[in-house]
1. Taking the Cα centre of chain B as the origin and placing charges on Cβ (Lys, Arg +1; Asp, Glu -1), which of B:LEU75, B:GLN102, B:PHE39 is farthest toward the positive end of the dipole?
2. For the residue pair A:MET50 and A:ALA106, what label-to-label distance in nm results when each label sits 7 Å from Cα along the Cα-to-beta-carbon direction?
3. Within a 10 angstrom radius of each residue's Cβ in A:220-230, how many Cβ atoms of other chains show up on average? Whole number is fine.
4. Would you tell me the mean number of C-beta atoms belonging to other protein chains that fall within 10 Å of each C-beta in A:191-203, as a whole number?
5. Just name one of A:PHE83, A:LEU96, A:LEU25: the one whose Cα is farthest towards the positive end of the charge dipole of the range A:1-120 (beta-carbon charges, Lys/Arg +1, Asp/Glu -1).
6. Given an 8 Å cut-off on Cα distances and at least 6 residues of separation, report the relative contact order of the range A:1-92 as a percent.
7. Can you list residues whose amide H is under 5 Å from A:VAL127's amide H, if they're 5+ apart or on another chain and H is modeled 1.01 Å from N?
8. Could you tell me how far the Cα centroid of the range A:91-112 sits from the Cα centroid of the range A:189-216, in Å?
Amino acid sequence: MWSPDSRRQFRRGVVTSIPRCLGYLTISLAFGLLARMNHMPAWQAVALSMIVYAGASQFVAVNMMAAQATALQIVLTGAILNFRLFMMSATLTRLLDMKMPRWALALLGAAVTDEAFAVLACEEPPVPRSFAAGLMIPLWLSWWGGTLLGCLVASALPQALQKAMGIALYSMFIALVVPGLKARRSMIFVAFVAVAVNWGWTLVPTLERWGAGLRLITAAFVASALGATVLRFGDEQKEEPS
Amino acid sequence: MSRFWIVTLGIAAFTQLSRLLRFFLLDDRRLPPWWERFFQCAPTALLAALIFPEVLGSTGDLISAAGACLIAVILAWRHINPTVIVALTVLSAAALQWFVSQ
């Protein structure tokens, strides 16, 4: 059984999670809505939120599935997008109280997200696992709960908005990437190269036959490689897109 | 296995590996600096490539798509909540479509 101190830490985690849960609810609601607009069944949208639990890659998966990209291309794109979690986990292992059973460690590790990382990184180390659990469990629940809500809202959307909804997924990508560009201006160069390669590829009919998925991965790879070679992130403020 | 499950379990496997690797390999090895920078750039590069040029054909006409896209960029630059950005962008696209059709 948990000690009174653990219970107190768990409660503190839950209270800390409340404003973040509201943020998660709105974004996951948008995800459920957009998934339904892109003809994904509601149960698949909720399953993605429960199992993958990583915002940007879920939006990308919906987009690429609708664009008929291959499963391998979608998985590879999701893997590249979510690799940033490796770096967050590396930092968290230095902050968290790691004296816990392996199953507890696995559960906590599996629930690392940008938001959870942002909160835990501001806590005084060693951060108790009960606080981390109190923070992460409501966040996960609100993520897939919001997705379910979004799927329900989608069925009530007026017909007049259906055509304009085509831009919704792209506006979500803009909402994810632009704040990162503002915080770290050198990333504008990376975004520009990615767009240029992606756009250039569409102008070559031989390449275009290879499909949108491969075009996307190539553009991202070239831009990231060029960014890694040319840019130095010295004193710039670090803020990753989620 | 259906395409959906291959995609979901595939992304989940890579994502959880990214999350869990450091929890179970408790040494202080870091990636070479070039690869650290590469993976810092990758999310921005992927999302930017996802947006352009596809966004311009997303509503059926260039004017409403480009106008609504510009509005989304301005709102995102001002750190407006992502769901509000989606709602306002869709409404702007619908309004511009109506305007173009008149």
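Derivation of every value follows stated rules applied to the coordinates shown; laboratory data play no part. This structure is a prediction, so every number in the text was calculated from the model and none was measured. Cβ atoms come from the backbone with ideal geometry, glycine included; neighbour counts cover every protein chain shown.
1. So the residue we want is B:PHE39.
2. 1.8 nm
3. On the way: counts 10, 5, 2, 7, 11, 6, 3, 7, 11, 4, 2.
Across the residues of A:220-230, the mean count of other-chain Cβ atoms within 10 Å is 6.
4. On the way: counts 9, 3, 4, 11, 7, 3, 2, 8, 5, 0, 1, 2, 1.
Going residue by residue through A:191-203 and averaging, the value is 4.
5. A:LEU96
6. Values: 36 pairs, mean separation 17.3, N = 92.
In percent, rounded to a whole number, it is 19.
7. Amide H to amide H, under 5 Å and 5 or more residues apart or across chains, A:VAL127 pairs with A:LEU96, A:ASP97.
8. Each part reduced to its Cα centre gives a spacing of 39 Å.
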